[in-house]
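Let me begin by presenting the structure, written as structure tokens, before commenting on it.
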Amino acid sequence: MTPRFFVRRRAGRVALFAGLAAAMLLSGCAHWRPSTQPTRSPESVQNRVVQLMPSKVSDKQGWADDIQAAFSAQHLNASDRNLCATLAVAGQESSFHADPRVPGLDRIARRELERRAAAAHVPPFLLDGALDLKSSTGQTYKQRLSHVHTERQLSELFEDFVGQVPLGRKLLGGFNPVHTGGPMQVDVRFATAHDANYPYPVDGSIRHEVFSRRGGLYFGILHLLGYPTDYPSPLYRFADYNAGWYASRNAAFQRAVSRITGDKLALDGDLVIYGSSATSHTERATLQLADRLGLSDDDIHAALKEGESPDFANTAVYRRVFALADKQAGKRVPRAILPGIKLDSPKITRDLTTAWFAKRVESRWKQCMARAGS
């Protein structure tokens with residue numbers, strides 16, 4: 001499982017491209033559009049998922065039913081490549097547990113509350129007093145916290161704590177700090193921004209649905225396959241799953257700008273600073289090329305703002321930067337690279353990166369493809 005509780009890196013990017021683009025095959029066919037005529041019947045898709053899943057998975061038929069329903073609702077091609085991509089991510093993120101257990105989650109959550117209390121100048125005794133209050137279940141928040149094993153349990157506890165305890169609202173700001181959950185560790189904000197075609201009755205909120213198997217798979221598959229790319233390998237789509245849509249394409253653009261200008265840029269896929277008037281390092285470096293690109297500063301800014309959409313690859317900025325990079329290198333430089341992002345989470349005790357995640361998922365995908373005989 002990829003530990004990503006309280007992740008601060010990828011959550012902010014993925015929900016920004018709210019206009020759902022047509023899903024693409026992992027093979028990267030640039031003109032593929034979802035077909036209303038499935039290539040396989042629902043029964044054959046379910047049977048194929050059961051065949052492709054690792055042998056030790058429990059309730060294979062239940063997983064297969066939910067995966068098939070998500071593919072059908074999103075009009076996705078249930079090819080072996082796409083099914084294996086789904087299974088690879090779910091295997092990496094949760095080992096096929098709808099609500100996976102996280103070792104030491106109670107201690108992690110307590111440290112997070114203490115960190116927030118210190119930042120808000122709340123004395124420890126006030127935090128202890130708030131946690132000693134009875135919650136909606138009749139147990140104290142401290143008792144519930146000591147028995148928290150999954151992100152769903154913790155999310156529900158925080159919802160209760162924020163709703164019932166004034167100090168909870170002060171510490172958490174009215175927002176639940178559990179950002180991801182479910183069998184594919186989907187970001188709640190991504191799901192909330194893309195819930196228009198959700199095919200199931202909503203159990204309370206989209207947040208609650210993310211922590212269910214059916215909801216976690218639906219939004220996870222949407223995040224994985226629900227946007228067009230022309231990547232040469234599924235490895236980059238797996239990197240995007242961790243870092244945000246088009247992060248691999250944008251990181252390649254950043255590297256091209258860096259090599260042309262000599263400026264050292266973070267190859268993180270973030271071309272602008274969303275929600276801020278500040279100018280990103282990537283934008284400042286690209287603006288240095290305005291004369292060579294034959295474009296105005298406004299042209300460059302407008303193009304970089306398209307970094308969350310497929311349209312960025314069609315802009316003059318993108319085309320002309322890569323033309324300069326190709327000329328300088330004397331060959332075509334890559335249009336996709338693995339983003340250079342270190343994963344940031346209290347659960348992570350090792351130096352893990354987006355590249356590490358992508359390669360782990362790719363390994364699982366190859367194993368699945370071998371089971372498929374492809």
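The values are calculated or read from the model by the stated rules, or taken from the named source; none is laboratory data. Since this is a predicted model, take the numbers as computed values, not measurements. Glycine also receives a Cβ, built like all others from the backbone with ideal geometry; neighbour counts cover every protein chain displayed.
The conditions of being at pLDDT 95 or above and of a type in the set (Ser, Thr, Tyr) are met by residue 258. Regarding the range 6-24, can at least one residue be identified that is modelled with pLDDT of 90 or more, in a loop (DSSP other than H, G, I, E, B) and surrounded by fewer than 20 Cβ atoms within 10 Å (Cβ to Cβ)? Scanning the range 6-24, I find no residue that is modelled with pLDDT of 90 or more, in a loop (DSSP other than H, G, I, E, B) and surrounded by fewer than 20 Cβ atoms within 10 Å (Cβ to Cβ), so the answer is no.
Given the criteria more than 28 Å from the chain's Cα centre (by Cα) and either crowded, with 19+ Cβ neighbours inside 10 Å or touching a residue at least 60 places away in the same chain (Cβ under 8 Å) (or both), does residue 113 qualify? Judged against the criteria, residue 113 is not a match.
Yes or no: the range 333-354 includes at least one residue that is over 26 Å from the mean Cα position of the chain (by Cα) and surrounded by 13 or more Cβ atoms within 10 Å (Cβ to Cβ). The answer is yes; a qualifying residue exists. You will find that of 140, 86, the residue that is crowded, with 20+ Cβ neighbours inside 10 Å, touching a helix residue (DSSP H, G or I) at 6+ places or on another chain (Cβ under 7 Å) and modelled with pLDDT of 90 or more is 86 and no other.
Can you tell me which residue is surrounded by the fewest Cβ atoms within 10 Å (Cβ to Cβ) among those in the range 248-298 that are of a type in the set (S, T, N, Q) and more than 28 Å from the chain's Cα centre (by Cα)? Ranking the candidates gives 296 first.
Checking 270, 311 one by one, the residue that is under 25 Å from residue 227 (Cα atoms) and either part of a loop (DSSP other than H, G, I, E, B) or among the small types (Gly, Ala, Ser) (or both) is 270 and no other.
Exactly one residue out of 167, 87, 131 is within 30 Å of residue 373 (Cα to Cα) and out of contact with any strand residue (DSSP E or B) (no Cβ under 6 Å at 6 or more places or on another chain), and it is 87. Looking only at residues of the range 197-229 that are surrounded by fewer than 17 Cβ atoms within 10 Å (Cβ to Cβ) and touching a residue at least 60 places away in the same chain (Cβ under 8 Å), we find that the one that is farthest from the chain's Cα centre (by Cα) is 199. Counting the residues of the range 235-263 that are more than 14 Å from residue 283 (Cα to Cα) and among the charged types (D, E, K, R) gives 4. Screening the range 283-303 for residues that are in a helix (DSSP H, G or I) and in contact with a Ser or Thr (Cβ under 7 Å, 6 or more places away or on another chain) and picking the one that is farthest from residue 335 (Cα to Cα) gives 290. Of all the listed residues (359, 342, 305, 366), the sole one being within 22 Å of residue 243 (Cβ to Cβ), modelled with pLDDT under 95 and among the basic types (Lys, Arg) is 342. Taken together, 135, 55, 95, 41 contain a single residue that is touching a residue at least 12 places away in the same chain (Cβ under 8 Å) and either surrounded by fewer than 18 Cβ atoms within 10 Å (Cβ to Cβ) or touching a Ser or Thr at 6+ places or on another chain (Cβ under 8 Å) (or both), which is 95. Condition test on residue 40, is it of a type outside the set (A, V, I, L, M, F, W, C), at pLDDT below 95 and out of contact with any Lys or Arg (no Cβ under 9 Å at 6 or more places or on another chain)? Here the answer is no, as residue 40 does not meet what is asked. For the range 84-107, a residue qualifies if it is assigned to a helix (DSSP H, G or I) and closer than 13 Å to residue 220 by Cβ, and the qualifying residues are 85, 86, 87, 88, 89, 90, 91, 92, 93, 94. From the list 182, 168, the one residue that fits, being under 16 Å from residue 97 (Cα atoms) and either of a type in the set (Val, Ile, Thr) or surrounded by 17 or more Cβ atoms within 10 Å (Cβ to Cβ) (or both), is 182. Is it the case that residue 67 is modelled with pLDDT of 95 or more, under 25 Å from the mean Cα position of the chain (by Cα), assigned to a helix (DSSP H, G or I) and surrounded by 14 or more Cβ atoms within 10 Å (Cβ to Cβ)? For residue 67, the condition - modelled with pLDDT of 95 or more, under 25 Å from the mean Cα position of the chain (by Cα), assigned to a helix (DSSP H, G or I) and surrounded by 14 or more Cβ atoms within 10 Å (Cβ to Cβ) - is met.
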